[in-house]
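Since every read-out is calculated from the coordinates, none of them should be taken as a lab result. Fair warning: this is a prediction, and the values are worked out from it, not measured in the lab.
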Amino acid sequence: MNPKSIWSDLSSPAARRIWAPIFVLLVIALTALLLVVFRDAVRELILIPLLYLLWLVDLVLAYIPQTMIWAILLLLGLWMAVRSFDRARDEAASAATTSDLQSGRVRMWAKRLELARRGRYS
């Protein structure tokens, strides 16, 4: 008899519950160690360019009138709302064409293939 332990099969849910937190802690510890060791490189290569980019975005947003920003956001929201109505109509048409399929996995995959074909997979 060979009793099966949680260590023999690392893909089992019990092993994942044990190893996942340990792995996360190891990754965080390794990241912190590397950040301490490469502090100057991280500051010069990542932090300073990121702060310059945020400063530039702040300058651009301060230059653009606030009414224009709100108008752009309003148009973007309107566009998203119109697209959602269009998608609902397309889904209704798709349901009408695939109504003869059996329900279950066949219907699910047919719907996914139809959405992928249209480029509107969501």
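Worth a mention:
- Potential lengthening between Ile18 and Tyr63 on full extension [0.36 nm per residue; Cα-Cα distance subtracted]: 10.9 nm
- By the compact-protein rule of thumb, 2.2 N^0.38 Å, the alpha-carbon radius of gyration of the stretch 18-88 corresponds to a ratio of 1.93.
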